[in-house]
Structure formats: C-alpha cells, structure tokens
Amino acid sequence: MADRTGYDEFVVTRSPRLLRVAYLLTRDWGEAEDLLQTALMKAWFAWPRLDDAPEAYVRKIIATTFVSWRRRLWTREVTHGDLPDAAIADGTATVDERSRLWPALGRLPSRQRAVLVLRFFEDMTEAQVAETLGCSIGTVKSQTSKALAKLRADTAIGGPDVASAQVAFEGGVTA
C-alpha cells in the first residue's frame, strides 16, 4: 500500500477553501460537494506522487473536472423554477451587486467562468491559471477578456458599469 501520510490532515484543513472554489464554479452547494469529493478521490490515488503543492494539484483537478462535466453530452439533474421562498435583500450595495453578478456569472461558458474564478477569486496569476487549466497564457488572457466583456455588456448587472460588481465578485463569497 502506498504511503498517504498527510492526506487526512490535508482533507480536514483544506476542504473548506476547496469547497468554496468548487461552489464558485458550480454555483450549487450539492454539486460543489460532489465536485470536491471527486477531486479528493482522484487526489487520494495520486497522493504518493504529489510533492509540496497538493492544494494546487487538487484545485487543478476541480477546475478540469468541472469543465469536463460541462462537456458531457448527457445531463444530470436540473432544477427548474424558483424556490418558493424569495430571498430578502439586506439593503447593502455589495449584496445587491453580488446578487446581480451571480446569475450573470452563471451565464458565462464554463471555461470562462473557471478562468474568472481562478484569476480573481483565487488571486492566481495568468500563468498559474494557464497551468491549472492546461492551456496557454494567451488563452487565459483571451478568455478573461471575453468573459469580462460579456459581463460588461450584460444589462442585468448594469451594462457598462461593471466595475463595482467586479469588486463584489473579487471580495469572495460567504455563505
């Protein structure tokens, strides 16, 4: 049996942050938990080969698995309609901006969403995002540019005035 020393401790200490990354990609807690579980299972098999950066490896698994799930021809459970209870806005501008940004972020293609989450929420460099997603830096730049252009043009978040919504997104999510 291969040596998996430190795996349990890694899961306990890093899962909350990795779950947030998965949630930002999927926008659904249940699907985020499934995505994280899949990534941790894949990491368990690779654990003996990992060096000093297991979190980066698991983050890469999360991002690539998310993108591959979106490419599949079959569909999984899809929820329809709104929840019966309407959310009550707390009145702060940040929450209002974030609530407009989430649906707009969800309308982006999965690759563009992955680039924005890794680039701005995870505060990764373009090179790190490119390595994580297995693409070139130019692809990261173009996907970031296209994604931000789509957000700027989205009338649901205020059209051209997306700077304040982008700040709300970069501020992270607490849920």
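Key figures for this structure:
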quantity	calculated
Cβ-Cβ FRET estimate between A153 and A127, R0 fixed at 30 Å, reported to 0.05	0.60
T5-D51 pseudo-label distance in nm [points 7 Å out on the Cα-to-Cβ vector]	1.9 nm
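Values quoted throughout were computed directly from the atomic coordinates according to the rules given, and no laboratory measurement underlies them. A quick note: this is a predicted structure, and the numbers were derived from the prediction, not measured. No Cβ is skipped: glycine too gets one built from the backbone with ideal geometry, and neighbour counts run over all protein chains shown.
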